[in-house]
1. Can you tally the net charge around Arg178? Count Lys and Arg as +1, Asp and Glu as -1, for every other residue whose Cβ sits under 11 Å from the Cβ of Arg178.
2. Multiply the residue gap between Arg43 and Asp385 by 0.36 nm, knock off their C-alpha separation, and tell me the result in nm, one decimal place.
3. With an 8 Å cut-off on Cα pairs and a minimum separation of 6 or more residues, tell me the relative contact order of the chain in percent.
4. Any idea of the accessible area per residue across the chain, 1.4 Å probe, to the nearest Å²?
5. Rounded to the nearest 0.05, what FRET efficiency is calculated for Glu202 and Val140 with R0 set to 25 Å and r the Cβ-Cβ distance?
6. For the stretch 71-119, which GluC sites (Glu not before Pro) are both in a DSSP coil and crowded by at most 14 other Cβ atoms within 10 Å?
7. Whenever you get a sec, compute what percent of the accessible area on the stretch 383-450 sits on carbon and sulfur atoms (1.4 Å probe).
8. Which of the residue pairs Lys69/Lys343; Lys69/Lys380; Lys343/Lys366 have a Cα-Cα distance greater than 29 Å in the structure shown?
Amino acid sequence: PDTTVVAGTAVDTSVADVKEDPSLSFEQLQDASVDLVIRPEVRHRLALRFELAADPTEAAPHYVMLLPKLRAQACCEAHSWRVEGASLRGKPVQTFEFEHFALVNVPHSAIPSLVVEHVFTSHVVQLQLHGSTDASLVPVPELSQAERLAALADEPGRADSIRELLENRGLARTDGERDLAFALRLGQALEANFSDNAVTKEATDDFLHLLPTLLLERGHGDSRALSAGFVYGLRAFGVPARMTLGLRFRPESEMSAAVQAQSEFFAEGVGWVPYAAGCSLRLLSGLDNDPEASSPTYFVPWHSVTPSRAEANEAAGVMRAASNDLEGALTRMHKVCERKGIKPGTVLTAAELASILGPALSLDVKAAERCVDQVLTFCKRTGNDGAALVDGYAALQLGSCPSHLGTGKGPCATGLAGVAFFKGGPYEDGVPLDIEALQETRLLLRNFRNLDSGCDCNVETWRSTVETRGTIWMDYEYAQLAVQ
């Protein structure tokens, strides 16, 4: 049969006999055999252009720019990127490509000529009865134990608080309830207190430390609060989920563009299901768009709120921290095990595990015991008894919801704009940058221009919550391409 590639896997796209209406009801989610299907909708080109907002004499002599490589998802895939620009002397910017991101050395004189281009395809995504459609099926990935743990992690103790909040509101997962049914039920309930207007965004800015419980405790919140509440509510009941930042845009009439948080959850036997405010009915209603919807909205998921283990490892080799470095801590754990003659897979007591963490993390006995207890409790709560200590520890370090989304010195900072700038560098191949010497640079999103129509609109974003040094204006230029 004819095949295509979705998320790096060959899948059958031959036309099957269309049976009865593929639409699903909420009642069917519990027991029905369900497929996650996609249809390519639009291919987009977003070009990013930059301008120094401050006096050029106040600019740093050199910047390091990070560029995300979009992870293939059901809603968005087939990503390609391009960077061009040159200094006043005509020297092109230097680009280093890695598996999860790219790094670009940018002299300050190259910023006016710098262009970053992202090209990607948006998909319509639906849940449908098994075998009832001619759309492409999304392959169901197998999650490794480390991946599953990372998508279930939260701060020690907060999962219990979230479970209690949901139980008190009748929103807890019931015995035997399917992950898919629970997720969409929870999402619809949280949406009742969701709004993405300016007032709600400002109110959310004031309670970022409560983000995963803001909708439940305060009764209001924007897309950040909805996505965090959804993701960490699912995690509290054993459903892997993750949160993504990106750009939501409507390029046709009544243009709009705004930074937004969305999410996805892993349903057993189905795969990673994308979720955003108001998408429940669209996920269930079949592939055809509303015929009255003359101006569809799209979303490009620039980056997840937290890094994957593999990405964190790769980033540590490029931008290394002298302290609080996860990969360094994991390496020291392995070395302690080697000195003690402990082989991988050996079953150890809590006390023996603490004797590894203590010297590896420079903890006293009591602190090492508390750390081990947190890891073991987390693994037991998520049904991963017997997981490797390093996997549980790494998941807890990486998986907690950050207070300030899309910030920091790493690839996650690209989630707000599709790039991130840092004063410092330049990077030399094979020589990690000192992350402590880099300074975050504020990007002010200014304009979204549709090159096909010539229409412009302002880009809505959140209030800056982290002090940064230096400011760079950024504009988007949009064009629609033919779907290949």
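The values are calculated or read from the model by the stated rules, or taken from the named source; none is laboratory data. Source: prediction; values computed, not measured. Virtual Cβ from ideal backbone geometry, glycine too; neighbours counted across all protein chains shown. Ligands, DNA and RNA are excluded from the accessible area calculation, which covers all protein heavy atoms including side chains. Shrake-Rupley method; radii C 1.70, N 1.55, O 1.52, S 1.80 Å.
1. So the environment of Arg178 carries a net charge of -2.
2. Taking Arg43 through Asp385 to full extension adds about 118.7 nm, to one decimal.
3. Values: 986 pairs, mean separation 105.1, N = 484.
Normalised by residue count, the contact order of the chain is 22 percent.
4. Working: 21920 Å² over 484 residues.
About 45 Å² of surface per residue is accessible.
5. Details: r = 41 Å, r/R0 = 1.62.
The computed FRET efficiency comes out at 0.05.
6. Loop-located and lightly packed - Glu99.
7. On the way: 1130 of 2540 Å².
Its accessible area is 44 percent carbon and sulfur atoms.
8. Cα-Cα > 29 Å for Lys69/Lys343; Lys69/Lys380; rest within.
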